[in-house]
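Enquirer: Right, I'll just put the structure down here and ask away after.
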Amino acid sequence: MYIFGYGSLMNSASRQLTGNTGRALPATVHGLVRYWGKIDDSYVISPLVVNPGDGQVNGVLLEIDEAALSEFDRRERGYQRIALTAEQIETDAEFDASQAIWVYVTAQHQPPCERSPIVQTYVDTVLAGCLEVSEAFARHFVEHTVGWQHPLENDRHAPKYGNLAGVTPAHQSVIDALIAHVR
């Protein structure tokens, strides 16, 4: 089976903090919209959320087994896991279209605010994962994510994001350039 990772799960070092996966296949899913948002007021940062809609979201199809699914369900608590269809998936990679494909969504989300902003270390983790694929893949992420106008806190000096991983100083300058036109 697969889960579709559209945020920090695109980053191989970040997802290894949770569980083992097989291949990570770059893909775009049609029929989803990705937002900066939070599920409720208990969040101190605003991560990414997706829900069904008229859009496209790039990310990775992660090969997983039942044990890994339980681990990722714990990581993505607060989200609901729903099925995607193989017809929604656009990828150059070979994948088994007969297997279940899951994505974590939320029907309700609140926009980032000063109390729970978008934090730079989460942006860095996600975009470093995109850069594992290509700079064009990272650009697609930036262009197809809604909500960049909300508060963003540069927490690089004191990271607030708990799964920060796989980000190098070389990534930071590329990331800063990628998001400069949407900030």
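The values are calculated or read from the model by the stated rules, or taken from the named source; none is laboratory data. This is a predicted model, so every value here is computed, not measured. Positions of Cβ are backbone-derived with ideal geometry, glycine not excepted, and every protein chain shown enters the neighbour counts. Ligands, DNA and RNA are stripped out before the accessible areas are found, and what is left, the full protein with its side chains, is counted by its heavy atoms. Shrake-Rupley method; radii C 1.70, N 1.55, O 1.52, S 1.80 Å.
Enquirer: Over the chain, what percent of the accessible surface lies on carbon and sulfur atoms, probe 1.4 Å?
Expert: Working: 4130 of 8330 Å².
Ligands and nucleic acids excluded, carbon and sulfur give 50 percent.
Enquirer: Could you order peptides 137-144, 72-79 by the average number of other Cβ atoms within 10 Å of their residues, highest first? All intermediate terms of the calculation are to be shown ahead of the outcome.
Expert: Details: 137-144: 18.6, 72-79: 15.0.
Descending mean neighbour count gives 137-144, 72-79.
Enquirer: Once you have a ≥ b ≥ c as the square roots of the Cα gyration tensor eigenvalues for the stretch 1-101, tell me rounded if a/c is under 1.5, and otherwise prolate or oblate according to whether a/b is larger than b/c.
Expert: Values: a/c = 1.75, a/b = 1.19, b/c = 1.46.
In terms of gyration-tensor shape, oblate.
Enquirer: How far apart, in nanometres, would the label points at ARG77 and GLN108 be if each is projected 7 angstrom from Cα along the Cα-to-Cβ direction?
Expert: So the two model labels end up 1.9 nm from each other.
Enquirer: Could you tell me the calculated FRET efficiency between HIS157 and THR18, based on Cβ-Cβ distance and R0 = 30 angstrom, to the nearest 0.05?
Expert: 0.70
Enquirer: Viscosity 0.890 mPa s, temperature 25 °C: what is the translational diffusion coefficient of the chain from Stokes-Einstein with a Kirkwood Rh over Cα pairs, rounded to a whole number of µm²/s?
Expert: Translational D for this selection: 150 µm²/s.
Enquirer: Please turn the phi angles of the stretch 69-79 into ³J(HN,Hα) values with the Karplus equation 6.51 cos²θ - 1.76 cosθ + 1.60 (θ = phi - 60°), one per residue in order, whole Hz, x for glycine and proline.
Expert: Per residue, the Karplus-derived 3J(HN,Hα) values read 4, 4, 5, 6, 4, 5, 4, 9, 4, x, 9 Hz.
Enquirer: Any chance you could check the Cα centroid distance between the stretch 1-51 and the stretch 54-124 for me, in angstrom?
Expert: Using only Cα atoms, the two centres lie 4 Å from each other.
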